Structure formats: C-alpha cells, structure tokens
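Colleague: Quick one: the structure is below, questions incoming.
The values are calculated or read from the model by the stated rules, or taken from the named source; none is laboratory data. All of these numbers come straight from a predicted model, not from anything done at the bench. All Cβ positions, glycine included, derive from the backbone under ideal geometry; neighbour counts span all protein chains shown. Side chains included, ligands, DNA and RNA excluded: accessible areas come from the protein's heavy atoms. Shrake-Rupley method; radii C 1.70, N 1.55, O 1.52, S 1.80 Å.
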Amino acid sequence: RGSVEVVINDKVVFVENREGTFLGEVSALTGKRRTATLRARGPVVLRVMNASQLERFVTRNPAIGVRLIRSMAERLDRSG
C-alpha cells in the first residue's frame, strides 16, 4: 500500500499506486543490477523478499506467479 516513485537517472519515470504490485522483481529473478531506484512518496506498507524467497512464494502461490508475469508484461508494454 502507498505510493512509490520509480526513479532512473534522477528522473521520476513512473509512480506506482496500486496495492499488491511487484517492484524490483526483474533484478531479483535475473541476479542483475537494478536499473531503477524506488522511493516512497509517503507511508508505504511493503514486503521485501530476496530471490529465493520470491521463488518459493511464487511456487507456493501459482496465481501470484501469473500476476507477476502480467505486471512485468504491462511494464514492458508501457516502455515500448
């Protein structure tokens, strides 16, 4: 819950306000460096997971995996 800015090169490129959204998952899944910084715009409730925790969470909750894929696809579509 809350509002989070996605910042790249000191520029806000997107603001995420939807509850339950995954952010930073690409880096966690690929092991590559982050390409953006996330900055709270006020109070935010979140859950931080490392790669193995994320993989275990998605394996135990397949519907969450579908949401994760959909979220990534939407972001790719917006950037293209």
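Colleague: How many Å² of accessible area per residue for the stretch 1-65, probe 1.4 Å? Could the numbers behind the result be given before it?
Modeller: Details: 5020 Å² over 65 residues.
On a per-residue basis, the stretch 1-65 sits at 77 Å².
Colleague: Ignoring ligands, DNA and RNA, what percent of the accessible area of the chain is carbon or sulfur (1.4 Å)?
Modeller: 53 percent
Colleague: Sticking with this structure for a sec: One quarter of the convex hull surface, Cα atoms only: what value does that give for the chain in nm²?
Modeller: Dividing the Cα hull surface by four gives the mean projection, 5.5 nm².
Colleague: Ok, one more. Quick one: net charge around L54, please, counting Lys, Arg +1 and Asp, Glu -1 for every other residue with C-beta under 15 Å from its C-beta. Write down the numbers at each step before the final one.
Modeller: On the way: positive: K32, R34, R47, R56, R60, R67; negative: E25, E55.
With Lys, Arg at +1 and Asp, Glu at -1, the net is +4.
Colleague: OK, next. Counting Lys +1, Arg +1, Asp -1, Glu -1, what net charge surrounds F22 among other residues with beta carbon under 12 Å of its beta carbon?
Modeller: Numbers: positive: R18, R47, R67, R70, R75; negative: E16, E19, E25, E74.
Summing Lys and Arg as +1 and Asp and Glu as -1 gives +1.
Colleague: Between T21 and R56, how high is the FRET efficiency from 1/(1 + (r/R0)^6) when r is the Cβ-Cβ distance and R₀ = 22 Å? Nearest 0.05.
Modeller: The calculated FRET efficiency here is 0.65.
Colleague: Classify the stretch 20-66 as rounded, prolate or oblate from the Cα gyration tensor: take a ≥ b ≥ c as the square roots of its eigenvalues, call it rounded if a/c is under 1.5, otherwise prolate when a/b beats b/c and oblate if not. The partial results should precede the final answer.
Modeller: Working: a/c = 2.31, a/b = 1.30, b/c = 1.77.
Oblate, because a/c is 1.5 or more while a/b does not exceed b/c.
Colleague: Follow-up question, since we're still on this one. Give the ranking of D10, D77 by solvent-accessible surface, highest area first, calculated with a 1.4 Å probe. Please list the in-between numbers first.
Modeller: Numbers: D10 150, D77 125 Å².
Greatest to least solvent exposure: D10, D77.
Colleague: While we're looking at this one, here's another question. Mind listing which trypsin sites (Lys or Arg not before Pro) in the chain are in a DSSP loop and have 14 or fewer other Cβ atoms within 10 Å? Intermediate values should be presented prior to the final figure.
Modeller: On the way: sites: R1, K11, R18, K32, R33, R34, R39, R41, R47, R56, R60, R67, R70, R75, R78; in loops: R1, R18, K32, R33, R34, R41, R47.
Taking the chain and a limit of 14 other Cβ atoms within 10 Å, the loop trypsin sites (Lys or Arg not before Pro) found are R1, R18, K32, R33, R34, R41, R47.
Colleague: OK, next. In deg cm²/dmol and to the nearest 500, what is the mean residue ellipticity at 222 nm of the chain if only DSSP H runs of at least 4 residues count, each as -39500 (n - 2.57), divided by the residue total?
Modeller: Numbers: 3 runs with 34 residues, N = 80.
Dividing the helical sum by the residues of the chain leaves -13000 deg cm²/dmol.
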